[in-house]
Amino acid sequence: MNDRQRFDADVIVVGAGPVGLTIANTLGMHGVSVLLLERGDTLIDYPRAVGMDDESLRTVQSIGLIEQVQQHLTPFHWMRFVNAKGRVYASIEPRTDEFGWSRRNAFNQPAVDRELLEGLKRFQNAAVSMSTELESYEQDGEGVTLKVKQAGVPATLRCRYLVGSDGGRSVVRTQLGVGFGGFTDTSQWLVVDIRNDPLGVPYIYMHSDPKRPYVSVALPDGVRRFEFMVWEGETEEQITAPARMAELLSKVLPAGTDISKLDFIRKRVYTHNARIADRWKVGRVMLAGDAAHIMPVWQGQGYNTGMRDATNLAWKLAWVVKGKASDTLLETYNIERPPHAKAMIDLSVAAGRIFYPRNVFKAAVRDVSTWLLNQIPAFKRYFSEMRYKPMPFYSEGLVVHEKVARKGSPVGRLFIQPRVRTLDGEVRLLDDVIGSGFALLAWGADPNYWLNARSKAILAAMGARIITAKPVVQMHRKVDMSDATEVIGDEQMRLKDWFGEHPGSIVVLRPDRFVAGISYPVEINELLDAVAARMGLKVGAA
């Protein structure tokens, strides 16, 4: 019996939310057969997440859908915190683009999800099965067998690996038997989405009024979101009744607004949770997105943390399925991702406590302290530029740290994405030039001079591009370059600045653009050997 008969797909992904769709697109791009199961008849068609960060946009770029997605977002979307008297006590306004994109973006999630779903049609090896509900599964040494109902009809499916991206109430996680520790917030929030925005003003406003905290969010396509805190004893039926809705909306709309003319998309009460799975990989089964973690919405990081999961996991699955690396590489997912997800949960919980203190005294303390701190330029920059946001950092996993521990080391961190110039004169973002695989990126010198036979075999097994960045004015000089090395021009001189801050002039970049290691040219063979060992690379594999 051949593999096609034994397996319906190399990977089955349960849940066609943004995480499952991104994983499926990535696997499709890498030539891995993937089947995406969704219990709904269609994708969810109402707004949920409202903020996409630069890391998520870089992921969308990596799967070749950035042009399709950009039309559904508003870049440089600031968030302003307002006290009960109307004073803006904090404003998040990051203007950096170190990863190639605006750091904060409002977006239309249903429209973006549809673009991700449409993107799967590019791949003959990717399929989607709607109206398909997972009932149970069992894994063995070779794969996973699933019992499902497709449009109510029982069926059996089999795959090499299973990914559960099926939400906070994940069937995959529940049957896996891992813990989902954390807490459920006692507060509830009413979310109201309205078409034909009655206000039209840009940005996000977080109104920290102790009497009734509320949020006003401008979204693309003329959608306005309001969120109101629900007090203890108020039911969803009571707070969404016409009279109560008119009372709530009178706080946020001009006096005399005719509430009956508003075009409501939905009104729904939500409870905020802060939970994380004990393990994200057990054998051939992995968890991602809300199936692995859920968090309060106050920093807009639930969606983006899930996208980071997809970015980390999907390429590793592709490498293992295609026989290029051992399960050692997949284990790094369970090592690398949970600590950062926990940090984002903690940040979101802390932000919520600052935003909606439960009494007037705590609100007054916040207002005075923020007013004083805003007089300090360094603090104001720290907050407005989102420097408080924990950036992903992998202390373990597929990383080879510098021999001497150094604060600020780039190893285990996301590499920058400046604009670079190609030899034919085209200016492009770095990732578009590198492609979807590994890269050996150097500043100034040709790494090939230093590579021994073992390193060349490792780079061949990785399918790695060997690239040297130069000042644009030097990029056409070949006296110092071998034909095996590609040359790019440092259009913005950001690569020169980056390498100038670190002891080393060559980095090994992973497909997810994290720095696996940095070295000087004379140390490159040792570094490559260590990277290969960390990922269980099968040197000589096709």
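The values are calculated or read from the model by the stated rules, or taken from the named source; none is laboratory data. Keep in mind it's a predicted model, so treat the numbers as computed, not measured. Here the Cβ positions follow ideal geometry from the backbone for every residue, glycine too, while neighbour counts run over all protein chains shown. Just the protein is used for accessible areas: all its heavy atoms, side chains included, with ligands, DNA and RNA removed. Shrake-Rupley method; radii C 1.70, N 1.55, O 1.52, S 1.80 Å.
Numbers at a glance
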item: Residue match in region 161-181 (condition: part of a strand (DSSP E or B) and open to solvent by 50 Å² or more (accessible area, probe 1.4 Å)); result: no
item: Qualifying positions in region 259-291 - surrounded by 18 or more Cβ atoms within 10 Å (Cβ to Cβ) and within 30 Å of Ala318 (Cβ to Cβ); result: Ile276, Ala277, Trp280, Lys281, Arg284, Val285, Met286, Leu287, Ala288, Gly289, Asp290, Ala291
item: Region 413-433 - residue that is of a type in the set (A, V, I, L, M) and either assigned to a strand (DSSP E or B) or on the phi > 0 side of the Ramachandran plot (or both) and, of those, most open to solvent (accessible area, probe 1.4 Å); result: Val427
item: Ile488 vs. criteria surrounded by 18 or more Cβ atoms within 10 Å (Cβ to Cβ), out of contact with any Phe, Trp or Tyr (no Cβ under 7 Å at 6 or more places or on another chain), β-branched (Val, Ile, Thr) and under 30 Å from Thr328 (Cα atoms); result: no
item: Condition check for Trp498: open to solvent by 10 Å² or more (accessible area, probe 1.4 Å), of a type in the set (Phe, Trp, Tyr) and more than 26 Å from Lys407 (Cα to Cα); result: no
item: Any hit, region 58-72, residues being assigned to a strand (DSSP E or B) and either among the small types (Gly, Ala, Ser) or buried (at least 16 other Cβ atoms within 10 Å of the Cβ) (or both); result: no
item: Out of Ala439, Ala469, Ala445, Ala457, sole residue that is surrounded by 15 or more Cβ atoms within 10 Å (Cβ to Cβ) and out of contact with any strand residue (DSSP E or B) (no Cβ under 8 Å at 6 or more places or on another chain); result: Ala457
item: Residues of region 128-144 that turn out to be among the hydroxyl-bearing types (Ser, Thr, Tyr) and touching a Leu at 6+ places or on another chain (Cβ under 6 Å), as a count; result: 3
item: Failed item in (1) at pLDDT 95 or above; (2) under 24 Å from Ile63 (Cα atoms); (3) part of a loop (DSSP other than H, G, I, E, B), with Ser436 passing the rest; result: (1)
item: Residue in region 472-481 that is most open to solvent (accessible area, probe 1.4 Å), counting only those that are under 21 Å from Val522 (Cα atoms) and touching a residue at least 24 places away in the same chain (Cβ under 8 Å); result: Asp480
item: Given (1) out of contact with any helix residue (DSSP H, G or I) (no Cβ under 7 Å at 6 or more places or on another chain); (2) open to solvent by 10 Å² or more (accessible area, probe 1.4 Å); (3) not β-branched (Val, Ile, Thr), index of the condition Tyr46 fails; result: (1)
item: From the options Leu134, Leu116, residue that is outside any strand (DSSP E or B) and surrounded by 18 or more Cβ atoms within 10 Å (Cβ to Cβ); result: Leu116
item: Checking Val508 against (1) open to solvent by less than 30 Å² (accessible area, probe 1.4 Å); (2) assigned to a strand (DSSP E or B); (3) free of Cβ contacts under 8 Å to residues at least 60 places away in the same chain, the condition it does not meet; result: (3)
item: Check on Asp209, closer than 21 Å to Arg104 by Cβ and of a type in the set (Asp, Glu); result: no
item: Single condition Leu35 does not satisfy, out of (1) within 16 Å of the chain's Cα centre (by Cα); (2) outside any helix (DSSP H, G or I); result: (1)
item: Leading residue by the ranking (nearest to Met52 (Cα to Cα)) among those in region 207-249 that are crowded, with 19+ Cβ neighbours inside 10 Å and of a type in the set (Phe, Trp, Tyr); result: Phe226
item: Among (1) touching a residue at least 40 places away in the same chain (Cβ under 8 Å); (2) over 27 Å from Gly28 (Cα atoms); (3) of a type in the set (Val, Ile, Thr), the one test that Val215 misses; result: (1)
item: Complete set of residues in region 512-539 that are more than 29 Å from the chain's Cα centre (by Cα) and not in a helix (DSSP H, G or I); result: Tyr520, Val539
item: Condition met for Val82 (open to solvent by less than 50 Å² (accessible area, probe 1.4 Å) and in contact with a His (Cβ under 7 Å, 6 or more places away or on another chain)); result: yes
item: Candidate set: region 304-347, residues that are buried (at least 21 other Cβ atoms within 10 Å of the Cβ) and among the small types (Gly, Ala, Ser); chosen: the one nearest to Asn125 (Cα to Cα); result: Ala318
item: Yes/no for Thr156 being without any contact (Cβ under 8 Å) to a residue 40 or more places away in the chain, open to solvent by 60 Å² or more (accessible area, probe 1.4 Å) and either more than 21 Å from Leu330 (Cα to Cα) or small (Gly, Ala, Ser) (or both); result: yes
